[in-house]
Amino acid sequence: MTARDGKKRESGFTRRLVLAATIQGAALAGLGYRLYSLQVPRQDDFLADSFDIRTVTRYDAPTRGIILDRFGRQLAGNEQSYNLMFYPERKAKRIETNDTAIVRRAAALIEASPFLTERMIEQLDIGQDVIAGEGRLLSEITAEDFDLIAEVGPGRWPGFGAIERFGRYGLTYKVVSSRAKDEARAIEEILSILPLSTEQQRTINRRIVEAKQINAEGGVLLAEDLSWGQVARLKARALDLPGAEIDVAEKRFYHYPGTAAHALGYVSQVQPQDLLGDNDRMLRRPNAKIGRKGIERTMEKSLRGRAGRRIMEINAFGQEQRVVSRVPPIPGRVIRSTIDLGLQTYAEQRLAEQPISESEMIRAGAAVVMKVDTGEVLAMASHPTFDQSIFTSRITNSVWNELINDEHKPLVNKCSAEHYPPGSTYKMVTMLAAMELGISPREQVTCSGKTEVGPQTFYCWKRDGHGRMDMEAALVESCDTWYYEMSQRIGPEKMSEVAGRLGFGDRLMIDVAGETRGVVPNENWKRNSLGQSWFDGDTVQASIGQGYVLTTPLQLATMTARIANGGRAVRPHLIVPDLLYPAEDLGFKAEHLEIVRRAMDRVTNTDQGTAYRYTQVEEPSLRIAGKTGTAQVARLSVGERLRMLEDVRSLDYDRRNHALFVGYGPVKNPRYACAVIIEHGDSGGRSAGPVVLDLLQAAIVGNSGGQPNMVNDRYNLVGRNDEA
Amino acid sequence: MTSTLDQTDTRRVQLSLLDRVSSVPWPLLILVIILSSIGVAMQYSAGGLAWEPFAGTHVVRLALFFALAVVAGLVDIRVWYRVAYIAFFVTMIMLIAVPFIGDEFNNAKRWIDLRVMTLQPSELVQIGLIMTLARYLNNASWEELGNPFDLVFPLALAAVPTYLIMEQPDLGTSLKLLACVGVILFLAGLRWWLVMIGVGAVIAVSYWFVDRCLTNGFEAAGYQCRRVLVLFDDELDLAGAGYHINQAKIAIGSGGVEGQGFGQGQHNQLGFTPENNTDFVWSLLAEEFGFIGCMVVLFLFSLLLLYGVVTALRARSQFGRLLAATLTANLFFYIVINVGMNMGLLPVVGMPLPFLSYGGSAMLATMGSVALLTSIWIHADVPVGEEGRQSR
């Protein structure tokens, strides 16, 4: 090697090293510039991203407002329930995980049955479909429908799509931000073009709601009502279960299942229509419940409370580190109902045990007890009843079908949502109308057992006739002929006007919805709803509460209360109001009401009275006044009528007369009114009378000293309403 | 060749220990101590503000390796020259042994368990290869380097470890090794036309690779491709290949100018930036100490590299020059690749940041480089190899 060569090497090296060092310097400067551009101008963006990634937002369910009876006893409360939630959204925030494996691990930890395990996996799949996938599969459809939906869907029905898998076709739904109205229309249109059974439609509706809830929550509900042991095992292994969370929720709890079910109502799964116009976060939690029927439905907004919000910092494994901010949930309002648990329980028991013939028990009926001066409903019993708590957990189709297909309609509140011909309990209306038209109470009509009006002949229930009847006697002995005759002088307008003032033909409840209006017929009504003109025979029928007249037991009780309280327009209510305005006067003359009340007293307490055998009481403070009603529900032949008199069991159940009774008590200074109907109970006095008597006496005794438990003591009711 | 120089050389053939100690490059060692201290602080933060499990081990290792490095730095450069081939041979044996006795972690086989520490031969073999090439090229004349056929031996020498490391798989380290080979050949005097061909080949291969990745689409691409593609799209595969980069960028960006404070980088402390004590320690530094802290560290690294360049320029022997410059380049590649991938400029590969990242092998390689640089600095004027023989 020559020195020249060495020099060349050295100078070449130096030049090249300077070049390399320059490149290095430039590269480092480039890194500095990148650093600057990430950190200085964009810090806020990245801080926001970081916050978004390391926090999760959870909505805390508020305690649903409890419902108390009038003495503060809990009717509907809540029980704590631990649910297992899974949040696939976390997947985007941490290193890839196998969600199915995690869910299987969780299932093994809670010792889930193979069936439940599969359902958990299915829930996870649904969650992934909704959150990140093609959408929730709603239903299988035909190839033609597939083409239709694939073509029309995207434009006209936002969110809906069609997929094909293994030669089969499905309707899918994905939550898109569109106007609720458009979506409601889309759902309606799709359901109308697809040939689906009601059950399938129900399923689809439920799945749509589930998809919305999963989408809003970002997670799915894997398992409900975990035990303490299951929760402990899951918590101990939380590190192995990223994305799984225990949700501490509350579940509606009815302390007395079946009791006051219709007045209280129940809570059940949210349906698509519930989400229309209600943006509450609570309805969009998986498995959210909403109040149905009765107080639960009417007071839903107050009972529900407001969702709380928690922002929690989590680590990369999804474990909670600390709570960043927390808005506590606002619990729902406590509702104090007017129901007297003791009386309610007794009413239900009393109804359930009432025979309708020598060997047959009641199948369906209703009883209402209210305070005559305020309209507070103390008891509202509808038989048969149902267990409200079955809706609290996921209800199966078979249970649901059994309930809605039951011919005795356990879900229907027969006190207010069902109407019946009132029969003779309506006679007070005709009586008051007659007096208001100036017909003297002393005027007499001779009952020969039948009356001819125009071409028709109308029979009194007593074929032999009652003989000479004045106004009072006609009510006491329930002589139909008197009413037939007088109806022609009163006319349908006056009769319907008085009926209206007593509360018929309209919804009466101040606070709880779900009533039917019933029917108070007159010329206008008949022309408008039936398109027919009014006949004199219609007036005759209406005068004894038959024909077109339909009333609810609640209306009958209200009528009785209004008669008993001196003609003030009390309205029934189920919730203790903050403020009760004094009921206005209905414009009845005191002496007219006095005559009606005296007649009603004689019905129950004198031996001419139709209810004397069933309702007579010696003790003056426990005496009640009332009126029997035996309403014909089918046009019976003369033969059937005779057979019925001999043995009611020979007649088909649903052709037998309804048994009604309305009453108030005590006779002096009335405090409570009661109406009872026993469906197809044959005789108002015999079937319904004793029930009314017992309920009124229970009310009188039970509340006399403000001692709620006296009812129980006296009637020896065991257990069900003991809160100890 | 003047006699003055000859005499000077001869006089300095044997330096006394006192001579050596007195000419130790203190600024270099102080830089190393400062950077190491920052590293300990970062390990302390990464361990959740505790000495366990990282910072304690890190500080012990640093102290030990630093002491070894100072001692090794006092060793005569000619000893290093002599053991160059042996060093390469020994590290190669270890590298070859990895597939047979190595430990697997994260789907890669890179480690050998030596009881006291796990060794990553791929880190060490780089030093061995660079020493070997420096020694080989020390003896190659300008003329010889003009002949492409004379490049066959050094390239073949480099190809074996490169291939073995790529198979582990550790693409980043193997490419870095190739880059070091390129640098040493370039500095040794590779002809410009060959340099141009090399640079052209690198550009062509990169272009071809990226283009192929882009055409195949994300789903069809292998994981190497995905790591490249996520650089171009912030939103891509955030749970998979894009996860590290996305999280690191968020953490770095969150730091702002002043940083969130020591131990206060929430994104890191909650574990969203994985491996934030090793390959992603930069994101931890950036989140907690911000732009200012990072610039200080980059400045210290620049000084370190500058010191390496000056060491190379000061060295009189070709061996010393090439070794110092290439070791410096190697440190530069560590820094640029690591910081670049942390900030989403380069694909994510396994690449530690010198002094700051946890891990013994890379630290051993780094401290080894420091030791060699020290030795070269001290023995700047000592002739090495045939030069030395010739002058004797």
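The values are calculated or read from the model by the stated rules, or taken from the named source; none is laboratory data. A quick note: this is a predicted structure, and the numbers were derived from the prediction, not measured. Here Cβ is always computed from backbone atoms with ideal geometry, including for glycine, and neighbour counts include all displayed protein chains. Accessible surface is based on the protein model in full, side chains and every heavy atom, while ligands, DNA and RNA are left aside. Shrake-Rupley method; radii C 1.70, N 1.55, O 1.52, S 1.80 Å.
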Evaluation of A:ALA261 against (1) more than 22 Å from A:SER302 (Cβ to Cβ); (2) open to solvent by less than 10 Å² (accessible area, probe 1.4 Å) (one fails), failing number:
(1)
Those residues of segment A:363-375 which are crowded, with 24+ Cβ neighbours inside 10 Å and not small (Gly, Ala, Ser) amount to A:VAL368, A:VAL369, A:MET370, A:VAL372
Residues of segment A:483-506 classified as surrounded by fewer than 18 Cβ atoms within 10 Å (Cβ to Cβ) and within 29 Å of the chain's Cα centre (by Cα), total
2
Give the residues of segment A:1-60 that are farther than 30 Å from B:TRP142 by Cα, open to solvent by less than 70 Å² (accessible area, probe 1.4 Å) and more than 7 Å from chain B (Cβ to nearest Cβ), sorted by residue number.
A:ALA29, A:GLY30, A:SER37, A:ALA48, A:THR55, A:VAL56, A:THR57, A:ARG58, A:TYR59, A:ASP60
Which condition number does B:THR273 fail, the rest of (1) among the hydroxyl-bearing types (Ser, Thr, Tyr); (2) in contact with a Phe, Trp or Tyr (Cβ under 7 Å, 6 or more places away or on another chain); (3) more than 25 Å from B:LEU171 (Cα to Cα) being met?
(3)
Note on segment A:606-640: residues of a type outside the set (A, V, I, L, M) and exposed (fewer than 15 other Cβ atoms within 10 Å of the Cβ) are A:THR606, A:ASP607, A:GLN608, A:ARG613, A:GLU618, A:GLU619, A:PRO620, A:SER621, A:ARG635, A:SER637, A:GLY639
Looking for something over 30 Å from B:THR132 (Cβ atoms) and facing another protein chain (nearest Cβ under 9 Å) - is there at least one such residue anywhere in segment B:221-239?
yes
Subset of segment A:230-286 [within 29 Å of A:HIS573 (Cβ to Cβ), in a loop (DSSP other than H, G, I, E, B) and among the charged types (D, E, K, R)]
A:ASP278, A:ASP280
Output for segment A:585-599, where each listed residue is touching a Leu at 6+ places or on another chain (Cβ under 7 Å) and assigned to a helix (DSSP H, G or I)
A:HIS592, A:VAL596, A:ALA599
Which numbered condition B:ALA159 misses (of (1) in contact with a helix residue (DSSP H, G or I) (Cβ under 8 Å, 6 or more places away or on another chain); (2) within 23 Å of B:PHE332 (Cβ to Cβ))
(1)
Wholly within segment A:466-558, which helices (runs of 4 or more DSSP H) include no fewer than the required count, namely at least 1 residues that are in contact (Cβ under 8 Å) with a residue 40 or more places away in the chain and β-branched (Val, Ile, Thr)?
A:471-476, A:480-502, A:536-543
Inside segment A:339-440, counting only helices (runs of 4 or more DSSP H) that do not spill past its ends, which hold 1 or more residues that are modelled with pLDDT under 85?
A:397-405
When you check B:LEU238 against the structure, is it within 30 Å of B:PHE218 (Cα to Cα), of a type in the set (A, V, I, L, M, F, W, C) and open to solvent by 10 Å² or more (accessible area, probe 1.4 Å), yes or no?
yes
Only one of (1) touching a residue at least 60 places away in the same chain (Cβ under 8 Å); (2) crowded, with 21+ Cβ neighbours inside 10 Å does not apply to B:CYS294, and that is (1)
What's the total number of residues in segment A:175-204 that are in contact with a strand residue (DSSP E or B) (Cβ under 9 Å, 6 or more places away or on another chain), free of Cβ contacts under 8 Å to residues at least 60 places away in the same chain and either open to solvent by 60 Å² or more (accessible area, probe 1.4 Å) or not assigned by TED's automatic domain parsing to the domain that holds A:ALA132 (or both)?
0
Is it the case that segment A:450-469 has a residue that's in the same structural domain as A:ALA542 (by TED's automatic domain parsing), open to solvent by less than 10 Å² (accessible area, probe 1.4 Å) and in contact with a Lys or Arg (Cβ under 6 Å, 6 or more places away or on another chain)?
no
So for segment A:295-310 (the condition being open to solvent by less than 10 Å² (accessible area, probe 1.4 Å) and of a type in the set (A, V, I, L, M, F, W, C)), does at least one residue qualify?
yes
Has segment B:135-152 got at least one residue that is among the charged types (D, E, K, R) and at pLDDT 90 or above?
yes
Within segment A:71-100, restricting attention to residues that are basic (Lys, Arg) and either under 16 Å from A:ASP240 (Cβ atoms) or modelled with pLDDT of 85 or more (or both), which residue is surrounded by the fewest Cβ atoms within 10 Å (Cβ to Cβ)?
A:ARG73
Could you tell me whether segment B:120-132 includes any residue that is in contact with a Lys or Arg (Cβ under 8 Å, 6 or more places away or on another chain) and among the hydroxyl-bearing types (Ser, Thr, Tyr)?
yes
Hey, B:GLU143 hits all of (1) closer than 29 Å to B:LEU322 by Cβ; (2) outside any helix (DSSP H, G or I) but one; which does it fall short on?
(2)
Please indicate, with yes or no, whether at least one residue in segment A:303-310 is away from every other protein chain (no Cβ under 14 Å) and assigned to a loop (DSSP other than H, G, I, E, B).
yes
Name the residue, out of A:ASP125, A:ASP145, that is acidic (Asp, Glu) and modelled with pLDDT of 80 or more.
A:ASP125
Checked segment B:42-56 for anything crowded, with 17+ Cβ neighbours inside 10 Å and part of a helix (DSSP H, G or I); matches are B:MET42, B:GLN43, B:TYR44, B:SER45, B:ALA46, B:PHE54, B:ALA55
Which residue out of B:GLY271, B:GLY261 is over 18 Å from A:TYR36 (Cβ atoms), at the interface with chain A (Cβ under 7 Å from one of its Cβ atoms), open to solvent by 10 Å² or more (accessible area, probe 1.4 Å) and out of contact with any Ser or Thr (no Cβ under 9 Å at 6 or more places or on another chain)?
B:GLY271
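May I ask you to say which residue of B:ASP233, B:ASP211 is without any contact (Cβ under 8 Å) to a residue 24 or more places away in the chain, surrounded by fewer than 24 Cβ atoms within 10 Å (Cβ to Cβ), assigned to a helix (DSSP H, G or I) and acidic (Asp, Glu)?
Numbers: B:ASP233 fails: assigned to a helix (DSSP H, G or I).
Result: B:ASP211 is the single residue among B:ASP233, B:ASP211 that is without any contact (Cβ under 8 Å) to a residue 24 or more places away in the chain, surrounded by fewer than 24 Cβ atoms within 10 Å (Cβ to Cβ), assigned to a helix (DSSP H, G or I) and acidic (Asp, Glu).
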Would you pick out the residues in segment A:550-563 that are touching a strand residue (DSSP E or B) at 6+ places or on another chain (Cβ under 6 Å) and open to solvent by less than 10 Å² (accessible area, probe 1.4 Å)?
A:PRO553, A:LEU554, A:LEU556, A:ALA557, A:THR560, A:ALA561
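Just wondering, is there one or more residues in segment A:101-109 that are at pLDDT below 85 and more than 7 Å from every other protein chain (Cβ to nearest Cβ)?
Yes, because at least one residue in segment A:101-109 is at pLDDT below 85 and more than 7 Å from every other protein chain (Cβ to nearest Cβ).
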